[in-house]
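None of the figures in this text is laboratory data; all of them are computed from the coordinates on show. Just so it is clear, the model here is predicted, and its values are computed rather than measured. Cβ: placed from backbone, ideal geometry, glycine included. Neighbour counts: every protein chain shown.
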Amino acid sequence: MILTYFLLIAFFWLSGLAIWAKFYKKS
Amino acid sequence: MLVDSSFLQWTIISILIIYFGYIFWIGKRGKVHSQSMVGFATARGKVSPLLVGASFAATYSSANLFIGVPGLAYEYGTSVLWYTLGCFGVSWVGLLIFAKMFWRYGKKFGKISTVPEWLGRRYNSKALQVLVSLLILFNVYYIVGQNVGLATIFETVIGIPYFWGTIIGVTITIVYIGLGGAFAQMITDGVQGVLMAITSILIVVSFFWTIGGGFNVFGELTDRLAAIDPDLISFIGENGPYNSVMAILAVQFLLFSFILMPHLLNKILSIEKEEDLAPFTLSAGAVLFVISTLMVLGGLAARVLYPNLSSPDAAIPTYVIESFPTIIAAFMIVGIISAILSSTDALYLGVTTSIGNDFFRVLAPLFKKGISPEQLEQQAVKVAKGALVVVGLWSLYISFDRPDSLSIMIQFSFSAILSGILAPISLGYFWKKATNYGAIAAVITGSALYVVFTQFNVIENIYLAMFFASLASFAVMIVIGLFTANEKHSELVLKKAN
């Protein structure tokens, strides 16, 4: 479960960054 | 035992004194900003957006994440990780989705500083503004949770009895807020975010010498937990609140909406320019990741190392003083205390600002005809400052009766608020037919149902209770909206939106 936890955290990092790049990052 | 306790006590006390001196100094520099109601509440535009992001994360992480949730992990094992996963992942995604819209609406309405005010403007309803400011009083229980957290630390680390610990906790909190104001809060919360991040990282690094096993340290931790009870390493715990897939999904729903908590949204309103939202949201995510996902692992380690604690909430304070040299332990304890204070100050400020700004300032003109706007503004600030002491004493009184689980009590308080405001805020963005009648009914339905579900055990799981109460709140708002939205209303919304 702890390893899955870290993998899911990484997944949320990537999806969060994707949303951030799309809506917030200066073009 | 690595720690000499009288040396530890004095080290902690002296670090705290230096720390409070620093806050007093920052507060003096910010005094010029906190003379008006808007300045008292948000310290708008005077602080770097990167720091506001760190401040957002520091405010997000309270005694719940630093003491309460590790206590749940101590008791129930790895199924609690679903909660902290949501604290970083789902909450950050929620922030990214809501921040821009909330900020744009806030700008459109001119200078507003609180969520009840935002709702009052969006729905053009003073009644809604007053109603939501009363709902925010549920945050008193959130503050009680912070008092209990401080008292638990003092009890575990210094040996002060719980009763006196709560009194000391409330006293230092009130002094701390009195020294600062919002400007100091933004700066110090940013600094606290860094202090909290270091504390969190140290907890995980220490596993190498407390748990052992080299790079397989988490495998080692898992094996030793399983040796105590196989349920401690399951994905879905048989015991505890994370006992079904539905409950775990409802946790994610709760944490997605958690960023709508008034004391957190106030942070977004303090951003001055739209391009500042980019560094703000990125820094909030990065700091939130470190300070929300790591501390809980300390609760798991404490279960392996100290399986016989009298209160699960003592897991982290015990782990810290048993695993680190005195000086480092003292700094970490101050780091945890600052984690608690950085949330408590925002909560107090949120409650008292709402009483001054959304309750007194809206209702006073009804009773005092002909009061001048300047007088009203001055009196509102006075009422807000007086409410600070009243709320402190009220929370102290409730704290004397110690809750079984700090985390569950804190989660009750914010779920009650969120069940009410979730529908009016989110439908307020997306739906033209969201009317003030619907919003008022939604607030009452959501919060009242949540309290009924949990207090009368209608729905035993607190997360499912919040989910279904919110669902009912949305349903009521949509039905009433369809009946009460007329031509005039749609024109009004369009006029506001352009």
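Give me B:Thr435, B:Thr484 sorted ascending by neighbouring Cβ count inside 10 Å, so fewest comes first.
Values: B:Thr435 26, B:Thr484 14.
With the fewest neighbours first, B:Thr435, B:Thr484 line up as B:Thr484, B:Thr435.
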Exercise. Find how many whole Å separate the alpha carbon centroid of the range B:344-360 from the alpha carbon centroid of the range B:378-431.
Key: 9 Å
Self-check item: Overall Cα dimensions of the range B:355-498, principal axis frame, Å, largest first
Solution: 52, 42, 24
Practice problem: With everything on Cα atoms, drop me the angle between helix B:5-30 and the longest principal axis of chain B, reported from 0 to 90° to the nearest 10. | Solution: 20 degrees
Practice problem: Between B:Val245 and B:Lys368, take the C-beta separation as r, use R0 = 41 Å, and let me know the FRET efficiency to the nearest 0.05. | Solution: 0.15
Practice problem: Based on a Kirkwood Rh over C-alpha pairs, give the Stokes-Einstein translational diffusion coefficient of the protein assembly as shown at 20 °C and viscosity 1.002 mPa s in µm²/s. | Solution: 92 µm²/s
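Can you put B:Thr281, B:Thr326 in order, fewest other beta carbons within 10 Å first?
Neighbour counts put them in this order, fewest first: B:Thr326, B:Thr281.
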Self-check item: Estimated translational D of chain B in µm²/s (Stokes, Kirkwood radius over Cα pairs; 37 °C; 0.692 mPa s)
Solution: 143 µm²/s
Self-check item: Distance from the range B:44-110 to chain A (C-alpha centre basis), Å
Solution: 15 Å
Quiz item: If you line up the long axis of helix B:326-353 against the longest principal axis of chain B, both from Cα atoms, how many degrees apart are they, to the nearest 10?
Solution: 20 degrees
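What FRET efficiency would be calculated for the residue pair B:Phe24, B:Lys107, taking the C-beta separation as r and a Förster radius of 30 Å, to the nearest 0.05?
So the FRET efficiency works out to roughly 0.35.
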Quiz prompt | For peptides A:4-14, B:313-323, sequence by mean Cβ density within 10 Å, most packed first | solution = B:313-323, A:4-14
Quiz prompt | Vicinal HN-Hα couplings computed from phi for the range B:120-127 (Karplus, 6.51 cos²θ - 1.76 cosθ + 1.60; Hz; Gly/Pro x) | solution = x, 6, 4, 9, 6, 9, 5, 4
Exercise. Only residues of the range B:353-376 count here: report those whose backbone N is under 16 Å from the spot 7 Å along Cα→Cβ of B:Lys126, or say none.
Key: B:356-374, B:376
Quiz item: In this model, which of B:Lys100/B:Lys273; B:Lys107/B:Lys382; B:Lys108/B:Lys385; B:Lys107/B:Lys267 are farther than 22 Å apart at the alpha-carbon?
Solution: B:Lys107/B:Lys382; B:Lys108/B:Lys385
Quiz prompt | Between 0 and 90°, nearest 10: helix B:373-399 axis offset from chain B longest Cα axis | solution = 30 degrees
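Residue separation times 0.36 nm, minus the C-alpha to C-alpha distance between B:Gln375 and B:Trp209: what's the value? Before the final figure, lay out each step's value.
Details: separation 166, 0.36 × 166 = 59.76 nm, distance 6.18 nm.
Full extension of this stretch gives 53.6 nm more.
Take every residue in peptide A:17-25, count the Cβ atoms of other chains within 10 Å of its Cβ, and give the average of those counts. List each step's numbers first, then the result.
Working: counts 4, 2, 7, 8, 2, 1, 7, 11, 2.
Shielding by partners across A:17-25 averages 5.
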Quiz item: Residue farthest toward the positive end of the dipole of chain B, with Cβ of Lys/Arg at +1 and Asp/Glu at -1: which of B:Ser342, B:Asn357, B:Val132?
Solution: B:Asn357
Quiz prompt | Average partner coverage of B:273-281, which counts Cβ from other chains inside 10 Å | solution = 2
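Quick check on the exposure proxy: order B:Ser14, B:Ser310, B:Ser206 from fewest to most C-beta atoms within 10 angstrom. Write out the running numbers ahead of the final one.
Numbers: B:Ser14 12, B:Ser310 8, B:Ser206 18.
Neighbour counts put them in this order, fewest first: B:Ser310, B:Ser14, B:Ser206.
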